[in-house]
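Student: Just dropping this structure here.
The values are calculated or read from the model by the stated rules, or taken from the named source; none is laboratory data. Because the structure is predicted, anything quoted here is derived from the model rather than measured. As a convention, Cβ positions derive from the backbone with ideal geometry for all residues, glycine included, and neighbour counts pool all protein chains shown.
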Amino acid sequence: MTYLVDALTDGGYVTVKPDPTDGRAKTISLTARGLKVAQTLVLLSREVEADFSELVGPCRMAMLRELLGELGSR
């Protein structure tokens, strides 16, 4: 996990600071650049979901969401 956080830090997407309540922990926060990327990814996800919904219809899209939710909770 450390190498992923280091890569995001090096890219300017997050900042890492010591946790003020736990000397062993660190807090990770999105930078303005990281927040912009996160917002863009949400928008792109919504566009893809809308495209999929047009292809398979709203009922099957709801089934897909439910199935993905089940898989994600395992």
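Student: Report every pair of residues separated by at least 6 positions or lying on different chains whose Cβ atoms are under 7 Å apart, first residue within the range 53-74 and on the phi < 0 side of the Ramachandran plot and free of Cβ contacts under 8 Å to residues at least 60 places away in the same chain, second among the aliphatic types (A, V, I, L, M) and assigned to a helix (DSSP H, G or I).
Tutor: Correct list of pairs: Ser53/Met61.
Student: Now, a different point. Does the range 35-58 contain at least one residue that is surrounded by 10 or more Cβ atoms within 10 Å (Cβ to Cβ), part of a loop (DSSP other than H, G, I, E, B) and not assigned by TED's automatic domain parsing to the domain that holds Leu4?
Tutor: Yes, some residue in the range 35-58 is surrounded by 10 or more Cβ atoms within 10 Å (Cβ to Cβ), part of a loop (DSSP other than H, G, I, E, B) and not assigned by TED's automatic domain parsing to the domain that holds Leu4.
Student: Give me the residue from the range 12-26 that is within 17 Å of the chain's Cα centre (by Cα) and part of a strand (DSSP E or B) and, out of that set, surrounded by the most Cβ atoms within 10 Å (Cβ to Cβ).
Tutor: Across the range 12-26, the extreme among qualifying residues is Val14.
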